[in-house]
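Asks: Starting off with a structure, shown below.
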Amino acid sequence: MTLVPELEARSLSRWLWRQLTSMRTALILLLLFGLAAIPGSIFPQRSQNPLAVSDYFKSNPGTAKFLDELNMFDVYSSPWFSSIYILLFISLIGCVLPRTIEHLKSVGAKPPLTPKNLDRMEFFFELETGTLDRAESWLKKRHFRIRRDVDSISAEKGFMRESGNLAFHLSLILILIGVGAGSLFGMKGDAIINVGDRFINIPTSYDVISFGKLESEKNMNPFSITATDFKATYELTTGVPSDYKLTVNIADPVGSKEVAKVVRVNSPLTFGSTKVYLQANGYAPIVTVRDKTGEVKYQGAVIFLPQDGNLTSIGAIKVPDAEPQLGFIGSFVPTFARNSQRGAFSTYPEVLDPRLLISVWTGNLGLDTGRPQSVYRLDTTAMTRLSLKTLELHETFDFNEGSITFEGWTPWVNLQIVKDPGKIYALLGSIFAILGLLMSLFTRSRRIWVKTSADKSGVEIAGLAKNSVPGLESEIAALINEMRS
Amino acid sequence: MTSTNFAYLSNYAIYSAMVLFTLAFFSHAVEVAFSVRNLEDKTEFDFTRTKRSGDIGTVMMVLALVFLFVGVIFRGISAHRVPWGNMYEFSITGALAFTSAYVYALWRYKIRWLGLPVAIAVLLTLGTAITILYRPSAPLVPALKSTWLAIHVSAAIISGGVFLLANCIAATYLLLDRYENKGGRPVWALKLPTLEALDQLTYRLVAFVFPLWTFAVIAGAIWAESAWGRYWGWDPKETWAFITWVAYAAYLHARVTVGWRGRKAAWLCIFAGSTFLFNYVYINVWGTGRHTYSGL
Ligand code: HEM
């Protein structure tokens, strides 16, 4: 039975706005934000570890399905997580912007009038002695802002507390803008390249690549990187890595003069807002595969993926040009050892005594079924196994349908290429946030009033500490001393 | 001296510090237990009686701090790097930060009554460190080779030490509050500060470390940007650091803007501190993610 529905709606929305920007709501939202982040640290996340998510699905299909409905595997991009922080930031903006305007207006303004009844204040003293002039010069010396009236002084100090506080909250908004810009205009991808190869920054050079909603491949910097050398150093006794050093020649744009650079784990390459990181490394055995007639059907380095700290690596070699097609499931062992439990394995991550273990398959590789296939795995559904063999360096294995030679190896590196134009804002926001926080937490904000007493014999002194931060008591004691001396 | 010598000396210094902490523990225990002359008739007690014992406790504590400091420094020298490469090293440095925070607060705020819980907490930390977490001194893996290790980890460890101290005080608050509601403090607690003072002290410690913790998180983000290619990835460790940050921000808000005092504020503080401990213990030992440098 709404007579003026428009008015109703307006007052309702005003009510909602006031609720949303109230301190209580902000506090609740803040706590909710923290709580909402927890499940993402309990369940595996697609964005970090997709394999763990699919394992979870395999071992508990029922629960996994239910959890997936609740976005438990994509917590940080889920609608409920987003709605919490969007509400929080609306609340923040709604509270902080008006306060900022208010605060800016009060720059240079005099402190408010002295209240009528000082005896209601937290600190109140009546003195028999003292004059307003003395009080004024004392307060001035201590850099209070002062309003002097005929029979009273109203003084204020600690303006920077509110300034710092506002700077802090506004900086949080700047950080959010930076994070948002990064995800909208950013780009991220991975590329594995063998040492000796050249990487050109175009989408087809990547193994995986993804763009932000407002970013496209048109904006990719046209640089190239040639990996000229890679050196991994390990502790002799434990095999724990102590240094990875990748030497590259870069050209920006492609074709311009090349410049030599070194990339390490903590020192990426920079091309504008794009950075190139050294993320992982491994070995690619070099093989030559011939068919029955001795014709070379495949020659080159095949990237294998490390399985343990000593870089025992596995991979697949596919030879679609042979007739019938050939496939090899391989294991590359940089420093060879064998025992009955584990079979062949590596005892040290450097190549000291390499072996290439292969199982030979023939039949149909299934490359033209249209189903996507991993380059590291062989789809053996339409193939039969011929034999197994452990190859030493330069050894050739003849298996009737053809032969394979283990020619050598080359290291490969995984480059992660990230473009994040928003991070500079996030960084600036963080710096301002800390400065604002320090300013706000370590400034005491307080007011002091001095008033001639009713009988004009002395003064009344009162003080108020905002946010009940301690320290005003001793300050007022000092002022009283001054008045008495 | 060789690296190995320094590693041995470091271990001896840590053991000596533990002996001294144990002595400090007993001195403070004596101070508390015998300050009352007649337990049945709770009218007569004499705080000055065990002052000497408390003084000895303080001296032991300061000496222990010196040995702990030497232990941490020598550990760093033996490995040619800052001593923050695995969980053993985090723990001994954390114990150092915690004890330093106590000694500093002792000098500033007269909180000797905290000596007993502090000695217990440090002994527990060091005990776990040398038995379960101990690893021989070794160089760092490539991802940890960065100046940010020194900056980020030191800020985090100092924050942790102060968080722990704030938690001890908030817990004391809650305990005494309980007694006072039930009709008064027991004798041994009579010389502890007023509830008001405990509440203020907790707030001051949090207000002091909150910017430092903010800095630690941001330094971590900057480091992650240079090592892993993204400054924030909701890795479990990062997530819990963020939760701790939000919890302390909520504590400050609750106090400053909503006016929470006393019991509610103390609980919130303890909750926030627990998220830090959880992050340290659980995520390091059982967690996944990239921050698995515990060496376990
Ligand atoms: C919804 C949003 C928010 C609102 C409306 C809000 C509002 C306020 C206000 C009014 C103060 C007043 C301080 C004073 O009077 O001295 C304050 C302080 C503070 N806020 Fe917020 N805030 C919000 C979000 C946040 C967030 C997200 C954080 C960090 C996680 C945060 C951290 C702080 C801190 C550390 C202080 C300083 C406390 C102090 O002065 O002791 N706030 N906030």
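What follows is calculated from the coordinates using simple rules that are stated; it is not laboratory data. Computed from a predicted structure; not experimentally measured. In this analysis, Cβ positions are derived from the backbone assuming ideal geometry, glycine residues included, and neighbour counts consider all displayed protein chains.
Asks: Is there a residue being away from chain B (no Cβ under 11 Å), within 16 Å of the ligand (Cβ to nearest atom), of a type outside the set (A, V, I, L, M, F, W, C) and out of contact with any Pro (no Cβ under 8 Å at 6 or more places or on another chain) anywhere in the range A:404-419?
Replies: Looking for residues that are away from chain B (no Cβ under 11 Å), within 16 Å of the ligand (Cβ to nearest atom), of a type outside the set (A, V, I, L, M, F, W, C) and out of contact with any Pro (no Cβ under 8 Å at 6 or more places or on another chain), one finds none in the range A:404-419, hence no.
Asks: Quick check on B:LEU164: is it part of a helix (DSSP H, G or I), more than 11 Å from chain A (Cβ to nearest Cβ) and buried (at least 22 other Cβ atoms within 10 Å of the Cβ)?
Replies: Spelling it out, B:LEU164 is indeed part of a helix (DSSP H, G or I), more than 11 Å from chain A (Cβ to nearest Cβ) and buried (at least 22 other Cβ atoms within 10 Å of the Cβ).
Asks: Taking the range B:209-237 on its own, how many of its residues are out of contact with any helix residue (DSSP H, G or I) (no Cβ under 7 Å at 6 or more places or on another chain) and within 15 Å of the ligand (Cβ to nearest atom)?
Replies: 1
Asks: How many of the residues in the range A:8-67 are assigned to a helix (DSSP H, G or I), touching a residue at least 24 places away in the same chain (Cβ under 8 Å) and within 16 Å of the ligand (Cβ to nearest atom)?
Replies: 11
Asks: Select from the range B:94-127 the residues that are out of contact with any helix residue (DSSP H, G or I) (no Cβ under 7 Å at 6 or more places or on another chain) and more than 14 Å from chain A (Cβ to nearest Cβ) and list them in ascending order. Steps first, answer last, please.
Replies: Here is the first cut: in the range B:94-127, the ones out of contact with any helix residue (DSSP H, G or I) (no Cβ under 7 Å at 6 or more places or on another chain) are B:104, B:107-108, B:110, B:113, B:124, B:127.
Of everything in the range B:94-127, those that are out of contact with any helix residue (DSSP H, G or I) (no Cβ under 7 Å at 6 or more places or on another chain) and more than 14 Å from chain A (Cβ to nearest Cβ) turn out to be B:TYR104, B:TRP107, B:LYS110, B:TRP113, B:LEU124, B:GLY127.
Asks: If we keep just the residues of the range B:222-235 that are free of Cβ contacts under 8 Å to residues at least 60 places away in the same chain and out of contact with any Lys or Arg (no Cβ under 9 Å at 6 or more places or on another chain), which is nearest to the other protein chains (Cβ to nearest Cβ)? Full working, then the answer.
Replies: To start, the set of residues in the range B:222-235 that are free of Cβ contacts under 8 Å to residues at least 60 places away in the same chain comprises B:224-225, B:229-235.
Of the ones still in play, those that are also out of contact with any Lys or Arg (no Cβ under 9 Å at 6 or more places or on another chain) are B:232, B:234.
Details: B:TRP232: 7, B:TRP234: 5 Å.
Among residues in the range B:222-235 that are free of Cβ contacts under 8 Å to residues at least 60 places away in the same chain and out of contact with any Lys or Arg (no Cβ under 9 Å at 6 or more places or on another chain), the one nearest to the other protein chains (Cβ to nearest Cβ) is B:TRP234.
Asks: Return the residues of the range B:182-206 that are at the interface with chain A (Cβ under 10 Å from one of its Cβ atoms) and either within 24 Å of B:GLU238 (Cβ to Cβ) or crowded, with 21+ Cβ neighbours inside 10 Å (or both); say none if nothing qualifies.
Replies: B:TYR203, B:VAL206
Asks: Sticking with this one: Within the range A:99-116, can you find the residues that are within 16 Å of the ligand (Cβ to nearest atom) and assigned to a loop (DSSP other than H, G, I, E, B)?
Replies: A:SER106
Asks: Tell me, which strands (runs of 3 or more DSSP E) wholly within the range A:397-485 include 1 or more residues that are hydroxyl-bearing (Ser, Thr, Tyr) and closer than 30 Å to A:VAL263 by Cβ?
Replies: Once the strands (runs of 3 or more DSSP E) in the range A:397-485 are filtered for at least 1 residues that are hydroxyl-bearing (Ser, Thr, Tyr) and closer than 30 Å to A:VAL263 by Cβ, what remains is A:402-419.
Asks: What strands (runs of 3 or more DSSP E), lying completely within the range A:128-228, carry at least 2 residues that are within 14 Å of chain B (Cβ to nearest Cβ) and more than 16 Å from the ligand (Cβ to nearest atom)?
Replies: On the way: elements: A:145-148, A:152-157, A:187-194, A:198-200, A:208-211.
Qualifying strands (runs of 3 or more DSSP E): A:187-194, A:208-211.
Asks: If you don't mind, there's one more thing I want to ask. Need pairs with beta-carbon distance below 6 Å; first residue within 7 Å of chain A (Cβ to nearest Cβ) and within the range B:247-265, second assigned to a loop (DSSP other than H, G, I, E, B); sequence gap 6+ or separate chains.
Replies: Taking only residues 6 or more apart or on different chains, the pairs are B:ALA254/B:TRP260.
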